[in-house]
Each structure stands twice: as structure tokens, then as C-alpha cells.
Amino acid sequence: TRAVTYAADGLDMTGYLALPGGSGPGPAVLIGPEGPGVSDVERGRAEALAELGYVALAFDLHGGRYFREPEDMNARCLPLLADAGRL
């Protein structure tokens, strides 16, 4: 399991990738974070899914940031929700 960085929407995103044991291709699951961003909850889900044999990625929506204040989270999330096709 490890952090992975990728570019999306003009931002450097930091997701969390958990891989199952063994080698070869397998099923994959994307884990969408709750509003504040990727937290221990999403990382734990990714690890649990990897233990079941899935490749699991908790993806980032906020450019590596985690919002503790609702006002900050809303300022980032509300424009995303207004453009659902973009999600």
C-alpha cells in the first residue's frame, strides 16, 4: 500500500493505492472519499479490499488537501457538484 500521485483537473492529486498479495491482474475498486478528502477511513477500506484480493484506489478530489472546516470543504465541493458531468 502506498500513496500515488497523478495529475487531474490541473492539480496534483494524491490517492492511496492498496494492492493484494500475489501477482497478476485482478479486479479493481475505486473508492470515492467523503467531502473532506482521503482519510484513514478510505485508506482502511482500501487495505481491507486488498486483503480480499482487490486492487483498491482511494482517489483524491482536492489536490492532496484534507478539509477540516466545513466552509473550506464546501468552497471546494459545491462547484464540483454543480458540474456533475465533470465528476
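The values are calculated or read from the model by the stated rules, or taken from the named source; none is laboratory data. Computed from a predicted model, the values in this text were never measured in an experiment. Please note: Cβ atoms are built from the backbone with ideal geometry, for glycine as well, and neighbour counts cover all protein chains shown.
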ask   = Considering Leu49, Leu80, Leu11, Leu19, which residue is modelled with pLDDT under 80 and surrounded by 12 or more Cβ atoms within 10 Å (Cβ to Cβ)?
value = Leu80
task = Report yes if Gly32 is modelled with pLDDT under 90 and on the phi > 0 side of the Ramachandran plot, otherwise no.
result = no
request  = Pairs only if they're at least six apart or on different chains, beta carbon under 8 angstrom, first in the range 61-79 and closer than 10 Å to Gly37 by Cα and in contact (Cβ under 8 Å) with a residue 24 or more places away in the chain, second in a loop (DSSP other than H, G, I, E, B) and among the aromatic types (Phe, Trp, Tyr); list them, first residue then second.
outcome  = Met73/Phe67
key: For Gly35: the one exception among (1) outside any strand (DSSP E or B); (2) in contact with a strand residue (DSSP E or B) (Cβ under 9 Å, 6 or more places away or on another chain); (3) within 25 Å of Asn74 (Cβ to Cβ)   = (2)
task = Considering each of Val55, Val29, Val41, Val4 in turn, give the residue that is surrounded by 11 or more Cβ atoms within 10 Å (Cβ to Cβ), among the hydrophobic types (A, V, I, L, M, F, W, C) and in contact (Cβ under 8 Å) with a residue 40 or more places away in the chain.
result = Val4
remark   = Quick count over the range 49-79, residues being in a helix (DSSP H, G or I), within 16 Å of Asp9 (Cβ to Cβ) and in contact with a Gly (Cβ under 6 Å, 6 or more places away or on another chain), is 1
